[in-house]
Each structure stands twice: as structure tokens, then as C-alpha cells.
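Novice: Dumping the structure here so I can ask a few things about it.
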Amino acid sequence: MTHDHDLVLRPTQEQITAALNPPAGRNGGDLVVETLAGLGATTVFGLPGQHALGMFDALRRSDLRYVGLRVENNAGFAADAYGRITGEAAPLLLSTGPGALTSLAALQEAAAASAPVLAISSQIPTAGLGGGRHGYLHELPDQAASFRGVVKSVHTVRTQSQIPSAIEAAWKSALTAPHGPVWVEIPQDVLLAETSIPVVTGGDAFPEEVVPRPELTAVAAHLLSGAERPAIIAGGGVVRADASGKLLQLAETLRAPVVTTPGGKGAFPWEHPLSLQSWIEDRHTTDFLEDADVLLVVGSGLGELSSNYHTFRPRGRVVQIEADLGKLESNHPALGIHADARLALQALLETVSERQDESAPERVREVLGKVAARIAGQELTLEQEVLASVRRALPADSPSFWDMTILAYWAWSAFDAKGPNRMHSAQGAGGLGYGFPAALGAAAADPTRPVLAVSGDGGALYSIAELATARQYGLGVTWLIVDDGGYGILREYMNDAFGEATATELTRPDYVALAESFGVPGVRTTPETLEADLAKALSEPGPSVVVLPALLRMFAPTHLGTE
């Protein structure tokens, strides 16, 4: 009996000859870039460093495109966005010690948001490994230990022959649902040494599929088909699995209202009669969801931002589809189905019965009306008009990347993404500085569409150096900086909690003049001229900066029991 895995392709005579006579002048770094190219990579991000020079030297002998950023953390954010936009594992080349550690915050965001990033770092020479104090530059007792609690998997290389297999295993890990960042480290001497190993010509780039258990989807279909008031929460897993079409089919079959989480923005059509939009940070919405007798949660762990800050208490039966096993039933008891969202939704579509419920659209309109009335009573016209201006100025098919800033918090609830995989933010880990470098990664992934980045002035200072990157590579990103003179959301939090804010006020530069010093056009706008200025900037090639001096406020929360 012959199994598929027993079949080995016989090399041609030409391949044998090439393998026996590899080109001279190659080193361990060539094995890295050849493996990446063989797996299908076309673009790499990173920052060179002393121990990693073997990898970077090999880039000039490859067809890989290199996009170099000015700070490792920003390079990680760019790779994160490239992975989100393309669905491919985005290679991130880093040096040892400080260079590696500077990427940690970006890798935490990639882990929290399930973005496939393949980080490849150098290490000190092999002789220095093992935890001794040898005094090598950048030496850490156990560099990989700093990453094990952040990334999906760690792959350590000690010889050149291990390089292709380690990178291939890491690639598969990054792209197996749930997607996420992975870590490979290779010592300096292994990268620099000349190699006689044949040129790497291919690789198995196909990740494992996370298939639902049929007995569980059968039970879930039975529950949903018999429900009186079904509802659906769609998270980022729907977007990452490219399952929005199947979600729409299922919602229409069940006549089930759908709300999307901040990570699931665009997973369901905003204006659909069954769309509760993204107002999950609102008691009217969570009350409605709590009243569902069967609640289907797809691609969400119902974490803090997806549960109105853990105040959400479903009273009905919960069915949770989640590719991350650790998130399954982590916050609420459920019929837990460990699966990729696309495969699980397909299984449900093949099994559920169509429901008749003419009242669902009216109940959705009622909830959205209550939400709108609540916001209208808070005199937040400026904030609503600014967000509406951004939406009108941004082309419908353009992606946007949002830093942790008040306008982004509004966007989580009130911004129509116009489709899946078009609005991204740092809501996974919540670190500052994400918006602009992530937008650069998206522009590198697809230069045919303008990209929008949105930051506050505080977050902008984290990534201001990347104006040089934007200019160097001519990346089509328009950066909207909302300048309120400090860390605006922290100012609000502290004023509310303590009556006075501390350490939130910032001396900041003239952002227009600063942008122009990098050769990037800049303009200072007003709420009244924002739409026109932003649309003009987005319509022109290359990078640009639009600065909006404005003090924006958040809508009142509903999770504190004050409503």
C-alpha cells in the first residue's frame, strides 16, 4: 500500500547537476533568502545589525524586495500590516539583542491580532550560546526566552543544514490558524560562513487546516435552526479566514442580526438590514445580544473590547467558533468549536435550516436608533463630523490603519470599513505608534490604492522617523495627525478618575514643517476643510501629512453602570 507521503519526486538530471555544483560565494544568509523565496515570499522588512549582516548581504543576490524602516518596532508593525493585507507570512529580518528586543511590542500586537509575521533574528556566535557570560556585543543569556511568551513558536538554528527546515516550519506555524508571529534565530557565524549546501529551490508552503468536528457543527446547526432570537458576533477571525461571504449567507438564512467587533470591522455589510454595525461598546447593543436565545460567536474570544469591557452576560446558549484553542470558552461557557471560521461557517451552511423572521430588521433598527439617540444627547457633533469627513475622503476600497487615539476609538464603533480587511488598528495589544508604520507595510503590499494612517500627536512621535522610510520608497500613505497637545485619551481617563491629569501634556513639533523637512508634503487643516484636504492628499502619489489641530472627546461609556 502506497501513501502520499511515501511518494518522493525524482530529481531531473539538470537538478542533480545544479545541486552538485552550487554557485560560489554563498553563505548561510543565502540559505535564508533562498528559503523565503522558495516559500513564496516577495518582500521583506527589517533593519540591519552587526550579527545579521550575512542575511542582509545575501539580499543583494536575491530577487526579494527589501523595505527598511528606521526602528525595529516600526518594521514589525509594517510586517504585521503586510501580513494582514496579503494573508502571507511577512518576513522581518532583525539583528541580535537590542535590535531583536525592540521588536517585541510589534510582535505582541501581531500575536493579539493574529497577523502572520515571520521574524528571523541573528544571534551571537555559536561559541557564546548556552547562557555563559562571554561578553559578546548584544549578548543575552537566552534571547529566545524573551519571545516565547509573545510568539506562536520559536525555532532555533545551530547549523546551516537546519536553516531551510526551520524557516519552513516557522512559515507553516505563522500561517496555520490562528495566524500569528513566529521567531527564528540563527547565530552570526552560521550566517556568515560560506556554504556548499545546494541552492534552496522550493518549499512546502501549505499550512495545516483547522477543521471543525462534525458532531459539534451538527449540534450548533440544530441550535441555530431552532432558535427564536438568534444573533451573531463576528470577530477578526472572520476577516482573516476570508469568510465574510459565508457569514452573510448564514445570517440571511437564519435571519440573525450581526454585530462586528473592532477586529471584525467590515466582516458584515454596514448598511445591511441585519447589521447592528460595530456598536458593541454600548448597553443597547449588549442588552440585545444578551437577550438572544442562541448567540453564535465567530472568530472572537469575547475579550475586553468585544464584551463591553467584560460586562456582557449572555443569558442564552452560546456557540463559539474560534481557531485559537486558548480563547475557546475562556470568557463564557459555550458549545466550543475549535476551527477556522471559513470551514466552520461552511459546515453550518450545509446543515442549518432556513428561518422565517420578519421582525429581525425592525429589531435591528430599534437598537441602532437607541444608540444614535444616546450619542446625539452628548453634544459630540465635532467628533461625528470629523469621522464622517474621513469616511467621505477615503476611497471605499482603500485600507486604513489607526493608532491608539480618540478618533480611532470612535472608529471602532462608528466607522464603516466598506468591506473586510480594510480597517486595522492596534486594538489587539493596544500599544502606541502602530498606525503610520503599519500603513507603510500596507502600501508596500498593494501600491495600487492609497492608504490612510490616523494618529494622535502622542502616537505620531513614536513613528516620526518613518517619514524618511515613506519618502525613500515613495509609499502612498497619507498620515492624518490629530494634534490635541498630549495623550488625549489618557487625559480623559485621568480627569474622570482623579479630577486632574498628570504626565499627559506634550511639547510637540510643527508637524507640517517636520514633514516637509523629510521632503513629504504637509498641510494644516481644520474640521471644516478636513474632507477636501484629506481627499486631495490621498489622490496624489507618494506620502503626505495632514495635521488637524483639534480637541476631540469620547462618547460616554456604558460599562460603568452610570447609564
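Novice: For the range 433-563, what number results from the quotient of the Cα radius of gyration and 2.2 N^0.38 Å?
Specialist: 1.15
Novice: Would you work out if the range 356-414 is rounded, prolate or oblate? Take a ≥ b ≥ c from the square roots of the eigenvalues of the alpha-carbon gyration tensor; rounded if a/c is under 1.5, else prolate when a/b is larger than b/c, oblate otherwise.
Specialist: Oblate, since a/c reaches 1.5 and b/c is not below a/b.
Novice: Ignoring ligands, DNA and RNA, what percent of the 1.4 Å accessible area of the range 438-521 is carbon and sulfur?
Specialist: The C+S portion of the solvent-accessible surface of the range 438-521 is 54 percent.
Novice: Counting residues in the range 266-308 as N, plug N into 2.2 N^0.38 Å and put the Cα Rg over that result.
Specialist: So the Cα radius of gyration is 1.15 times the expected 2.2 N^0.38 Å.
Novice: Any chance you could tell me what percent of the C-alpha pair distances in the range 473-521 go past 16 Å?
Specialist: 54 percent
Novice: How far apart, in nm, are two points set 7 Å out from the Cα along the Cα-to-Cβ line at Gln384 and at Leu551?
Specialist: Placing both labels 7 Å along Cα→Cβ, they lie 2.2 nm apart.
Novice: Still on this structure, I have one more. To the nearest 10 degrees, how steep is helix 435-445 against the longest Cα principal axis of the chain, on a 0 to 90 scale?
Specialist: With rounding to tens, the tilt is 60 degrees.
Novice: Ordered by residue, what ³J(HN,Hα) values in Hz, to whole numbers, does the range 240-252 give under the Karplus form 6.51 cos²θ - 1.76 cosθ + 1.60, where θ = phi - 60° and Gly and Pro are x?
Specialist: Each residue's phi maps through the Karplus curve to give 5, 8, 6, 10, 4, x, 5, 4, 4, 4, 5, 4, 6 Hz.
Novice: Let me ask something else about it. Which ³J(HN,Hα) values, rounded to whole Hz and listed in residue order, are derived for the range 71-85 from phi using the Karplus coefficients 6.51, -1.76 and 1.60 in 6.51 cos²θ - 1.76 cosθ + 1.60 with θ = phi - 60°, glycine and proline given as x?
Specialist: For the range 71-85, the Karplus curve yields 9, 4, 5, 5, 4, x, 5, 5, 5, 4, 5, 4, x, 5, 6 Hz.
Novice: Add +1 for every Lys or Arg and -1 for every Asp or Glu among the other residues with Cβ under 13 Å from the Cβ of Pro420, and state the total.
Specialist: Around Pro420, the charge tally is +4.
Novice: Another question about this same structure. Just the accessible area per residue of the range 496-563, please: how many Å² with a 1.4 Å probe?
Specialist: In whole numbers, the range 496-563 has 57 Å² accessible per residue.
Novice: Under the Kirkwood approximation for Rh and a Cα-based Rg, what ratio Rg/Rh is obtained for the range 375-501? Intermediate results must be reported in sequence, preceding the final value.
Specialist: Numbers: Rg = 15.0 Å, Rh = 15.2 Å.
So for the range 375-501, dividing Rg by the Kirkwood Rh gives 0.98.
Novice: Relative to the present Cα-Cα distance, how much length would full extension add between Arg315 and His134 at 0.36 nm per residue of separation?
Specialist: Computed gain between Arg315 and His134 is 59.2 nm.
Novice: Val297's amide H: which non-local residues (gap 5+, or another chain) put their own amide H closer than 5 Å, with H modeled 1.01 Å from N in plane and none for Pro or chain starts?
Specialist: Amide H neighbours of Val297, under 5 Å, 5+ apart: Ile233, Val319, Gln320, Ile321.
Novice: Where a ≥ b ≥ c are the square roots of the eigenvalues of the C-alpha gyration tensor, would you call the range 501-548 rounded, which needs a/c under 1.5, or, failing that, prolate if a/b is larger than b/c, or oblate?
Specialist: Note, shape of the range 501-548 comes out oblate.
Novice: Using alpha carbons only, how many degrees (0 to 90, rounded to 10) separate the axis of helix 214-225 from the longest principal axis of the chain?
Specialist: The two axes meet at around 20 degrees.
Novice: Run the helix sum for the chain: -39,500 (n - 2.57) per DSSP H stretch of 4+ residues, divided by residue count, reported at 222 nm to the nearest 500 deg cm²/dmol.
Specialist: Rounded to the nearest 500, the figure is -11000 deg cm²/dmol.
Novice: Report in % the part of the accessible area of the range 83-161 that belongs to carbon and sulfur, leaving out ligands and nucleic acids; probe 1.4 Å.
Specialist: Heavy-atom surface of the range 83-161 belonging to carbon and sulfur, 1.4 Å probe: 52 percent.
Novice: How far is helix 530-539 tilted, in degrees, relative to the longest principal axis of the Cα atoms in the chain, given as a value from 0 to 90 rounded to the nearest 10?
Specialist: 30 degrees
Novice: Output the Cα-based Rg and Dmax of the range 155-278 in Å, rounding Rg to one decimal and Dmax to a whole number.
Specialist: That works out to 21.8, 69 Å for Rg and Dmax.
Novice: What share of all Cα pairs of the range 225-327, in percent, falls into each consecutive 5 Å distance bin?
Specialist: Cα pair-distance distribution for the range 225-327, in percent: 3, 14, 27, 29, 20, 8, 0.
Novice: Here's another thing I want to ask about it. Give the ranking of Phe401, Phe56 by solvent-accessible surface, highest area first, calculated with a 1.4 Å probe. Before the final figure, lay out the partial values.
Specialist: Details: Phe401 0, Phe56 30 Å².
Of Phe401, Phe56, the descending order of accessible area is Phe56, Phe401.
Novice: Also, quick follow-up: Taking only C-alpha pairs under 8 Å that are 6+ residues apart, what is the relative contact order of the chain in percent?
Specialist: Values: 1268 pairs, mean separation 71.8, N = 563.
It comes to 13 percent, rounded to a whole number.
Novice: Right, something else. Quick one: Karplus J couplings for the range 144-158, per residue in order, coefficients 6.51, -1.76, 1.60, θ = phi - 60°, nearest Hz, x for Gly and Pro?
Specialist: So the Karplus estimates, Gly and Pro as x, are 4, 4, 5, 10, 4, x, 10, 8, 5, 8, 10, 10, 9, 10, 10 Hz.
Novice: Compute the normalised compactness of the range 45-193: alpha-carbon radius of gyration over 2.2 N^0.38 Å, N being the residue count.
Specialist: Working: Rg = 14.0 Å, N = 149, 2.2 N^0.38 = 14.7 Å.
My calculation over the Cα atoms of the range 45-193 gives 0.95.
Novice: Per residue, what accessible area does the range 88-141 have, given a 1.4 Å probe and all protein chains present, in Å²? It would help to have the intermediate numbers written out before the result.
Specialist: On the way: 1750 Å² over 54 residues.
For the range 88-141, the solvent-accessible area averages 32 Å² per residue.
Novice: Full extension from Arg449 to Glu271: what is 0.36 nm times the residue separation minus their Cα-Cα distance, to one decimal in nm? If you can, show how the numbers build up before the last one.
Specialist: On the way: separation 178, 0.36 × 178 = 64.08 nm, distance 2.37 nm.
61.7 nm is the gain from fully extending Arg449 to Glu271.
Novice: Does the chain come out rounded, prolate or oblate by the C-alpha gyration tensor, with a ≥ b ≥ c the root eigenvalues, rounded set by a/c under 1.5 and, if not, prolate when a/b is larger than b/c and oblate if not?
Specialist: Values: a/c = 2.00, a/b = 1.28, b/c = 1.56.
Because a/c hits 1.5 or more and a/b fails to exceed b/c, the chain counts as oblate.
Novice: Follow-up. Enter the accessible area per residue of the range 280-401 (Å², integer; probe 1.4 Å; all protein chains in place).
Specialist: Ligands and nucleic acids excluded, the figure is 42 Å² per residue.
Novice: Per residue, what volume in Å³ does the convex hull of the Cα atoms of the range 146-209 enclose?
Specialist: Working: hull volume 5.0 nm³, N = 64.
Expressed per residue, the convex hull around the Cα atoms of the range 146-209 is 79 Å³.
Novice: Non-local amide H neighbours of Tyr434 (under 5 Å, H modeled in plane, Pro and chain starts lacking H): which ones?
Specialist: HN-HN under 5 Å from Tyr434: Met404.
Novice: Multiplying the sequence separation of Arg365 and Asp293 by 0.36 nm and subtracting their Cα-Cα distance, what value in nm do you get?
Specialist: Values: separation 72, 0.36 × 72 = 25.92 nm, distance 1.94 nm.
Contour length minus Cα-Cα distance gives 24.0 nm.
Novice: Once every Cα of the range 301-353 carries one equal point scatterer and solvent is ignored, give the base-10 log of I(q)/I(0) from the Debye formula at q = 0.12, 0.13, 0.25, 0.29 Å⁻¹, two decimals.
Specialist: Listed by q, the Debye log ratios stand at -0.30, -0.35, -1.01, -1.14.
Novice: Mind checking Rg over Rh on the range 424-492, alpha carbons, Kirkwood formula for Rh?
Specialist: Values: Rg = 12.3 Å, Rh = 12.5 Å.
Dividing the radius of gyration by the Kirkwood radius yields 0.99.
Novice: Based on the alpha-carbon gyration tensor of the range 296-424, what equivalent-ellipsoid semi-axes (square roots of 5 times the eigenvalues) come out, in whole Å, largest first?
Specialist: Working: eigenvalues 177, 75, 61 Å².
Taking √(5λ) for each eigenvalue gives 30, 19, 17 Å, largest first.
Novice: Once the Cα gyration tensor of the range 212-285 is diagonalised, what are the square roots of 5 times its eigenvalues, in whole Å and ordered largest first, as equivalent ellipsoid semi-axes?
Specialist: They are 20, 15, 11 Å, listed largest first.
Novice: Follow-up question, since we're still on this one. Restricting to lysines 8 or more places apart or on different chains, can you count the pairs in the chain with Cα atoms under 28 Å from each other?
Specialist: Qualifying lysine pairs in the chain: 17.
The values are calculated or read from the model by the stated rules, or taken from the named source; none is laboratory data. Computed from a predicted structure; not experimentally measured. Ideal geometry is used to build each Cβ from the backbone, glycine not excepted, and the neighbour counts take in all protein chains shown. For the accessible areas, the whole protein counts, side chains as well, though only heavy atoms, and no ligand, DNA or RNA atoms are used. Shrake-Rupley method; radii C 1.70, N 1.55, O 1.52, S 1.80 Å.
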